[in-house]
Amino acid sequence: MTRSDLVEALAARFAQLGQRDAELAVKTLLEAMADALTKGQRIEVRGFGSFSVNHRPARMGRNPRSGESVAIPDKRVPHFKPGKALREQVDGAPRPGMPG
């Protein structure tokens with residue numbers, strides 16, 4: 001599902017919400033989430049999951065072409081942990097191409 005698919009689903013579900021309003025709502029929500037993660041805050045949506053920022057320490061890696069060692073700097077990366085309800089819903093869903 002893409003961002004535009006999400007906007008279309010929101011507009012279709014709420015008839016009083018126009019396409020532009022749905023687009024603004026999705027944009028505002030995603031910007032607020034990105035801002036919170038940028039500030040190092042944790043986002044928790046009950047029944048769905050939580051977003052947090054993990055710290056990856058600096059390490060030595062290898063260039064796959066030359067095999068020489070390369071210093072990889074430390075970084076902060078976003079992390080999503082699904083909630084129990086979402087895990088159970090996804091696990092119970094029929095799989096495409098599988099008898100079910």
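The values are calculated or read from the model by the stated rules, or taken from the named source; none is laboratory data. Bear in mind the structure is a predicted one, so any value in this text is a computation, not a measurement. Ideal geometry is used to build each Cβ from the backbone, glycine not excepted, and the neighbour counts take in all protein chains shown. Please note that ligands, DNA and RNA were not included when accessible areas were found on the heavy atoms of the full protein model with its side chains. Shrake-Rupley method; radii C 1.70, N 1.55, O 1.52, S 1.80 Å.
Note on region 46-100: residues that are open to solvent by less than 80 Å² (accessible area, probe 1.4 Å), in contact with a Pro (Cβ under 9 Å, 6 or more places away or on another chain) and closer than 19 Å to A36 by Cβ total 6.
Each row is one residue, and each column tells you yes or no for (1) touching a strand residue (DSSP E or B) at 6+ places or on another chain (Cβ under 8 Å); (2) of a type in the set (A, V, I, L, M, F, W, C).
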site	(1), (2)
A15	no, yes
T38	no, no
F51	yes, yes
N54	yes, no
P57	no, no
L86	yes, yes
D91	no, no
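From the residues in region 42-100 that are in a strand (DSSP E or B) and among the charged types (D, E, K, R), which one is farthest from E31 (Cα to Cα)? Selected residue: R62. Within region 1-41, the set of residues being among the small types (G, A, S), in a helix (DSSP H, G or I) and open to solvent by less than 80 Å² (accessible area, probe 1.4 Å) comprises S4, A9, A11, A22, A25, A32, A34, A36. Can you confirm whether L17 is without any contact (Cβ under 8 Å) to a residue 60 or more places away in the chain, under 26 Å from E88 (Cα atoms) and aliphatic (A, V, I, L, M)? In short, no.
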